[in-house]
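**Q** Quick one: structure below, then a few questions.
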Amino acid sequence: MDTNFIAAILNSAIRSTTPIMMAALGSAICNRVGVFNVALEGQMLIGAFSAIAINWFTGSIALSVIGGILIGGMIGLLVGYLQVRFKAADMVVGTSINLFVGALSAILLFILFGVRGSFKNPALLSLPAIQIPILKDLPFISVLLRNFTAMDYFAYLIAIGMYIYLFKTIWGYHTLSVGVKIEAAESMGLHAQRTQIMAVMVSGLLCGFGGVTLSMGQVTLFTENMTAGRGFIGMAACNLGRSNPLLIILASLFFGFCDASASIAQNTIPSQLTQSIPYISTIIALIFFSRERMKKIKNSKAA
Amino acid sequence: MKQISKRYPNGVLANDNVNIDLNEGELLAIVGENGAGKSTIMKILYGLEHPTGGEIFIHGKPQVFKNPQSAMKQGIGMVQQNFMLLPPFSIAENVVYGSEPKKMGVFFDRKKAVDEVRQLSGQYGLSIDPTLLIKNCAVGLQQRCEILKVLYQNARIIIFDEPSAVLTPQEVEGLLDTLRQLAGMGKSIILITHKLNEVMAVADRCVIMRGGRHIATLNTGETSIQELSSLMVGRQIVDKEIPKLDKGHCVLKVKNLSLSGPAGQSIVRNCSLNVDSGEIVGIAGVSGNGQTELLHMLVGLLKPDDGEILLNGKEQSGGEVRTIRDAGCAYVPEDRNTMGAALDATLTETLLMAHQYKKELNRHGILNHKSAEESFAALLKEYNVLHSSLKQKSGELSGGNLQKLIVAREISHNAKLLVISEPTRGVDIGAMEFIHNRLIEQRSDGAAILLVSSDLSEILKLSDRIYVMYEGRINGEIMREEANAENVGILMMGGVRHDKAV
């Protein structure tokens, strides 16, 4: 097979990975403090929409990126408040936020741009691709890294940073303790609820980040429901990666690859079928890894 | 440290004008029945609750504790009954939790934590491997970790809240040694308990509380268990006479019952026993020698591999729990919190369990709540279960009251066979006396009672006949007249009886 073709597939896989990884890391930080966050999808969608809207009205890439991330964080804060402070049921909050954001973005799309379904305009700015000297001239690598934005690189730094925070710092230890046993954390004088709400807000920021890469990265447009379940796939990636940021990188790459191969295979296989690849692979991966894990648990119990 | 005095007048009157003083290096016990206010006063001292009156002095200086952290700063630590440990983390990580050694300001220096904890455990003679994960530690070791946690915070006053309630007898010995040792090293220890033999064994002085009041402070050298228990309960404890009864008919007959575990190991081996009406038969043994599994087979929770269970002459082996219950078997499980009651259920719901099929409470599948509540209210009154309402959650009751409730529920089946396990584990003297008297009454009424208990004195007091279990088999049978702590104890350790006439 042509090496350039392989490089192109990998390139597309890695770029598809970024939003999934962000959602997965968001899911992980929530899991680690004992909050089940189902609103990742909505947090991501609002980020994607806000970025495009700010992009259109300000013409500033920086403002679009920051705005998309912050607005994602605001939705996260809302989710955190509802679930932690007011003890609202996680599934109810998550589902309502997802539906709410879906509807809100559709309405605003119409109000602000007068269009239905999707908004695209040549005046919209894309995230600039990063050119790395020397590497950009190498044959295989240049295709592999083509069109990577700063955010595609930054995503990995976030994952590594989260790993260091959780497992190497004292704050991280305290954060983890909240998820393990909230009474113990409170008895040590930690503000457990505040930690939980902050964690959910961080998941909102991360999903906002993922949303921005979605609407301003590979393409520059917004379509209704353009996240297409990436928030949920992120949850699956988090599950496969056992809420460990480094393992999540691997799990997200797997799902990113499935996502990319779906779009590549579109030309040869009916698209209805290819579009289902990411979801089917999610289910299969979850079944496979859950089984392995159950076996391990069984063995360790017998021992 | 000079003295701590504390007054706490009025309010709900959990504590009424209580004065307690504690000297350096002293081991002070606080005893009282459940609800006597001993936990409340300690929570005040530890900053978990706030007094409505009175003051706390340390070294003569008045102190106000807003929260446990401020109490900690003054050197007061508490080992609580339910541990505040993080199971997925190591002992070292748990001990330093809240004041971790730092690297470069933000990083958690785990290596240093391990070293420090190892040093600390050496210093106090609490041997421990700091790298073990809490989830792999036995309860006794977890408690040791809690003690180290308090020591790591430099506590000079350490409060132990019912520390032996969760421990096995062997672990209790270790704990008492630790308490003595800590006091010997100049720490002041407060031991909250209702186990008077522990008080007599380790404490220098003993504070007795009843109904929120301070009743007396005695030097343990100058008092006796009898005096303490009557002060605690507020009246003389009289052991109820166990009347002699004529031999009844056979209610339960078990032949060659056996059970193997998942790995093929033998758990119960060839157990044969019988229980007659009007008889209390005790099963003695160190816990974990197959007693639990034997009972579970009797009540239908486990299916035996082999053997027969005859209840009133009818084979029940391998039957469903409900069939066996319907055939006349009531069961008080050993752990009231997991099997005896659902802690989130209301008292009505808890009492209803296994009574829901009764005609008076159930009409064509619809429960009659009104008549249930009426009869339950009467039942709780009869059993003297302190509660605020039938809608209360059963987890809100104190241990003794919940145990009385479960015993009441099972006895009210009026079953021919009552299987009862650890009926008074972790309950106070008053409740213990009450439950014992109820069992004796049931015996007089002709019930057959099979009693399993790891408390030997309970077995010796109540049983007409004692089977001793060791490694899954019945290692001997002793009649009441011949039984004493020594010969039963030998059988419990796997020994053989020599005194038996051949």
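Bear in mind these aren't lab numbers, they're just calculated from the coordinates by the rules spelled out. Owing to the predicted nature of the structure, the values given are computational and were not obtained by experimental measurement. Cβ placement follows ideal geometry from the backbone for every residue including glycine, while neighbour counts extend to all protein chains displayed.
**Q** Could you tell me the distance between the Cα centroids of the range A:109-188 and the range B:436-490, to the nearest Å?
**A** Taking the Cα centre of each part, the range A:109-188 and the range B:436-490 sit 68 Å apart.
**Q** Which whole-Hz ³J(HN,Hα) couplings does the range B:400-412 yield from phi under the Karplus relation 6.51 cos²θ - 1.76 cosθ + 1.60, θ = phi - 60°, glycine and proline marked x?
**A** Running phi through 6.51 cos²θ - 1.76 cosθ + 1.60 with θ = phi - 60° gives x, 5, 5, 4, 4, 4, 5, 4, 4, 4, 6, 5, 5 Hz.
**Q** Positive end of the charge dipole of the protein assembly as shown (Lys, Arg +1 and Asp, Glu -1 on Cβ, about the Cα centre): tell me which of A:Gly210, B:Pro163, B:Ile490 has its Cα farthest that way.
**A** Going by the charge dipole, the pick is A:Gly210.
**Q** Roughly what % antiparallel, to the nearest 5, for the DSSP beta bridges in chain B?
**A** 50 percent
**Q** Where Rh denotes the Kirkwood radius from the mean inverse Cα pair distance, what is Rg over Rh for the protein assembly as shown? List each step's numbers first, then the result.
**A** Numbers: Rg = 33.1 Å, Rh = 31.3 Å.
Result: Rg/Rh = 1.06.
**Q** Let me ask another. What whole number of Å gives the distance from the Cα centroid of the range B:376-396 to the Cα centroid of the range B:249-298?
**A** Cα centroid to Cα centroid, the span is 33 Å.
**Q** Considering only DSSP beta bridges whose two residues both sit in the range B:250-492, what percent are antiparallel, to the nearest 5? Display every interim value, and only then the final one.
**A** Working: 22 of 40 bridges.
About 55 percent, rounded to the nearest 5.
**Q** Something else: Can you work out ³J(HN,Hα) from phi for every residue in the range B:107-119, in order, using Karplus 6.51 cos²θ - 1.76 cosθ + 1.60 and θ = phi - 60°, giving whole Hz and x for Gly and Pro?
**A** Here the 3J(HN,Hα) series is 7, 7, 7, 5, 5, 5, 4, 4, 4, 4, 5, 4, 5 Hz.
**Q** OK, next. What is the Cα convex hull volume of the range B:181-261 when expressed per residue in Å³?
**A** Spread over its residues, the Cα hull of the range B:181-261 gives 251 Å³ apiece.
**Q** Could you quote the convex hull projected area for the range B:350-453, Cα atoms only and averaged over all directions, in nm²?
**A** Details: hull surface 27.2 nm².
Taking the Cα atoms of the range B:350-453, their convex hull projects to 6.8 nm² on average.
**Q** Also, I was wondering about something else. What is the sum of charges around B:Lys103, taking Lys and Arg as +1, Asp and Glu as -1, for the other residues whose C-beta is under 12 Å from the C-beta of B:Lys103?
**A** +3
**Q** Residues with amide H under 5 Å of B:Gly37's amide H, sequence separation 5 or more or different chain, H placed in the peptide plane at 1.01 Å from N; which?
**A** It is B:Gly212, by chain and number.
**Q** Taking only C-alpha pairs under 8 Å that are 6+ residues apart, what is the relative contact order of chain B in percent?
**A** Relative CO of chain B lands at 15 percent.
**Q** For chain B, just the Cα atoms, rotate onto the principal axes and tell me the three extents in Å, largest first.
**A** 72, 50, 50
**Q** Of the cross-linked pairs A:Lys295/B:Lys112; B:Lys303/B:Lys416; B:Lys43/B:Lys102, which ones have a Cα-Cα span greater than 27 Å in the structure shown?
**A** Correct reply: A:Lys295/B:Lys112; B:Lys43/B:Lys102.
**Q** Additional query: Roughly how crowded by other chains is peptide B:271-278, in terms of the mean Cβ count from those chains within 10 Å of each of its Cβ atoms?
**A** The mean count of partner-chain Cβ atoms within 10 Å per residue comes to 0.
**Q** Check which residues have an amide H placed less than 5 Å from B:Glu49's amide H, if you skip close sequence neighbours.
**A** Amide H neighbours of B:Glu49, under 5 Å, 5+ apart: B:Ile44.
**Q** What ranking of A:Asp152, B:Asp306 emerges when the number of other C-beta atoms within 10 Å of each C-beta is taken as an exposure proxy, fewest first?
**A** B:Asp306, A:Asp152
**Q** Moving to a separate point now. Which value results when the Cα radius of gyration for the range B:245-316 is divided by 2.2 N^0.38 Å?
**A** Here the answer is 1.15, to two decimals.
**Q** Name the residue, out of A:Asn267, A:Asn37, A:Asn11, whose mean-square fluctuation peaks in a Gaussian network model built on chain A with Cα pairs under 10 Å.
**A** Most flexible of the set in this elastic network: A:Asn267.
**Q** With a cap of 10 neighbouring Cβ atoms within 10 Å, and only residues DSSP puts in a loop, list the trypsin sites (Lys or Arg not before Pro) found in the range A:83-161.
**A** In loop regions of the range A:83-161 (DSSP not H, G, I, E or B), the sparsely surrounded trypsin sites (Lys or Arg not before Pro) are A:Lys87, A:Arg116.
**Q** Here's another thing I want to ask about it. Starting from the Cα of B:Leu343, step 7 Å along the direction of its Cβ; do the same at B:Phe107; then give the gap between the two resulting points in nm.
**A** The two pseudo-label positions are separated by 4.0 nm.
**Q** Return the distance in nm (one decimal) between the two label points of a simple spin-label model at A:Leu63 and B:Asn368, each offset 7 Å from Cα along Cα→Cβ.
**A** Distance between the two pseudo-spin positions: 7.5 nm.
**Q** About the Cα centre of chain A, what is the dipole size in debye to 20, counting +1 per Lys and Arg Cβ and -1 per Asp and Glu Cβ, all else neutral?
**A** The dipole of chain A has a size of about 720 debye.
**Q** Give me the inter-chain shielding for B:106-116: mean count of other chain Cβ atoms within 10 Å, whole number please.
**A** Numbers: counts 7, 6, 8, 2, 3, 0, 0, 0, 0, 0, 0.
Taking the mean over all residues of the peptide, I get 2.
**Q** Still on this structure, I have one more. Ignoring everything except DSSP H segments at least 4 long, calculate the 222 nm mean residue ellipticity for the protein assembly as shown; use -39,500 (n - 2.57) per segment, divide by total residues, nearest 500.
**A** On the way: 29 runs with 378 residues, N = 805.
The helix contribution divided over the protein assembly as shown gives -15000 deg cm²/dmol.
**Q** Can you sort B:Lys102, B:Lys61 so the residue with the fewest Cβ neighbours within 10 Å comes first?
**A** Values: B:Lys102 13, B:Lys61 9.
Fewest-to-most ranking of B:Lys102, B:Lys61: B:Lys61, B:Lys102.
**Q** A further question follows. On a C-alpha basis, how far is the centre of the range B:166-223 from the centre of the range A:69-91 in Å? Whole number, if you could?
**A** 49 Å
**Q** Rounded to whole Hz and in sequence order, give me ³J(HN,Hα) for the range B:121-131 from the Karplus expression 6.51 cos²θ - 1.76 cosθ + 1.60, θ = phi - 60°, writing x for Gly and Pro.
**A** 5, x, 4, 9, x, 9, 5, 6, 9, x, 8
**Q** May I pose another question? Say R0 is 35 Å: what FRET efficiency, to the nearest 0.05, do B:Leu310 and B:Glu441 get from their beta-carbon distance?
**A** Numbers: r = 26 Å, r/R0 = 0.74.
FRET efficiency, B:Leu310 to B:Glu441: 0.85.
**Q** Please arrange A:Cys238, B:Cys137 by counting, for each residue, the other beta carbons lying within 10 Å of its beta carbon, fewest first.
**A** B:Cys137, A:Cys238
**Q** How many Cβ atoms of partner chains, on average, are near each residue of A:167-173 if near means within 10 Å of its Cβ?
**A** Mean partner shielding for this stretch: 6.
**Q** Given H placed on each backbone N at 1.01 Å, which residues far from B:Gly476 in sequence or on other chains put an amide H within less than 5 Å of it?
**A** So B:Gly476 has HN proximity to B:Val468.
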